[in-house]
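Input: a single structure, listed below in structure tokens.
The values are calculated or read from the model by the stated rules, or taken from the named source; none is laboratory data. Given the structure is predicted, the values throughout are model-derived calculations rather than measurements. Don't worry about glycine lacking a Cβ; one is built from the backbone with ideal geometry, like all the others, and counts go over all protein chains shown.
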Amino acid sequence: MTIRTLHTVHRGDGFHWVGDGFYVTQLLPASPELQRLTDPFLLMDYNPVKEYPPTTTPRGVGVHPHRGFETVTMAFEGAVAHHDSTGAGGVIRPGDVQWMTAASGILHKEYHDPEWAARGGRFHMMQLWVNLPAAHKMDAPGYQPLTAESMGKVKLDDGGVVTLVAGELDDVRGPARTVTPISLWDVQLGADESADLAVPDGHTLMTFVLDGELTTSTGTIGREEMGIFNREGDRLQVTAGEVGARFLVLGGKPIDEPVVFYGPFVMNTMEEIREAMVDFNNGKFGTLV
Ligand code: MN
């Protein structure tokens, strides 16, 4: 048994608006030097709790394209409506996760659910971009609406609870179908509780703290901080502080291919980025109004 050691604790650099509906701090990409330890995760935008007054004109992001990766949206509070060029759509509510595979190309829009916006209230979200390997970047797009009830649940010996969106722990699996092995877990620990979790040796491993703080044998990860771990080891051991902790575990097999990241497109070469722009301009991503 080898316990994972912490490489870096990373914080977002301030806040910015995505469209007019998402006020986020960006945790990934962390830095070019850290790309190896965060592969296959490309981007993470975290929208901590923000209050919105009631409105009849919902805020959000208008129609835009993606190619070459997946977007994963987790709703903690509030509700996000989504529509895309494959005809898929829906509302992501607290506890739900939307796993959208842009792959060869999709157009979508993301905005506050009109019914929720009419009442207003607390809004709390996270969006993660997960890379696809070269062999699957041009697959057909897809969409998995994962409901709160469908998530895997593991009760820990010490009292904590792990909610699994993707990946496996103690023979329980999360509902998401992934192209490469990915773990996405939401872990809740009570005051001073510990977690000792089996994680694949050699895979990327990060913990993002939503609430409270986490202590490891090699450092402490505070609220809204991302702990980026070294790849060696098959156990993640963490302890919550006196107010408990809630954190996300992001794990995955590194894809280990060149990454060319250009706005909403993530490909392996600049030539493929140019193709994406030409295809988008020629209407090959479909239509969405
Ligand atoms: Mn998008």
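Here are the numbers:
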{"item": "Residue tally, condition in a strand (DSSP E or B) and either over 15 Å from Ala198 (Cβ atoms) or in contact with an Asp or Glu (Cβ under 8 Å, 6 or more places away or on another chain) (or both), over the range 167-188", "result": "5"}
{"item": "Flag if Leu288 is hydrophobic (A, V, I, L, M, F, W, C) and at pLDDT below 95", "result": "yes"}
{"item": "Test for Ala117: is it more than 20 Å from the chain's Cα centre (by Cα), crowded, with 16+ Cβ neighbours inside 10 Å and more than 16 Å from the ligand (Cβ to nearest atom)", "result": "yes"}
{"item": "Residues being in contact with a His (Cβ under 7 Å, 6 or more places away or on another chain), within 16 Å of the ligand (Cβ to nearest atom) and among the aromatic types (Phe, Trp, Tyr) - total across the range 48-76", "result": "0"}
{"item": "Sole residue being buried (at least 20 other Cβ atoms within 10 Å of the Cβ), of a type in the set (Val, Ile, Thr) and in contact (Cβ under 8 Å) with a residue 60 or more places away in the chain, chosen from Thr207, Thr101, Thr180", "result": "Thr101"}
{"item": "Any chance His108 is in a strand (DSSP E or B), in contact with a Ser or Thr (Cβ under 8 Å, 6 or more places away or on another chain), within 15 Å of the ligand (Cβ to nearest atom) and closer than 18 Å to Val266 by Cβ", "result": "yes"}
{"item": "Qualifying residue in the range 83-95 (condition: over 27 Å from Met226 (Cα atoms), touching a Pro at 6+ places or on another chain (Cβ under 6 Å) and within 16 Å of the ligand (Cβ to nearest atom))", "result": "yes"}
{"item": "Strands (runs of 3 or more DSSP E) (entirely within the range 119-162) containing at least 3 residues that are under 21 Å from Gly263 (Cα atoms) and in contact with a strand residue (DSSP E or B) (Cβ under 6 Å, 6 or more places away or on another chain)", "result": "121-131"}
{"item": "Among (1) over 17 Å from Val130 (Cα atoms); (2) at pLDDT 95 or above; (3) more than 14 Å from the chain's Cα centre (by Cα) - the single one Gly95 does not satisfy", "result": "(3)"}
{"item": "Condition check for Leu248: within 16 Å of the ligand (Cβ to nearest atom), in contact with a strand residue (DSSP E or B) (Cβ under 6 Å, 6 or more places away or on another chain) and either in contact (Cβ under 8 Å) with a residue 40 or more places away in the chain or acidic (Asp, Glu) (or both)", "result": "no"}
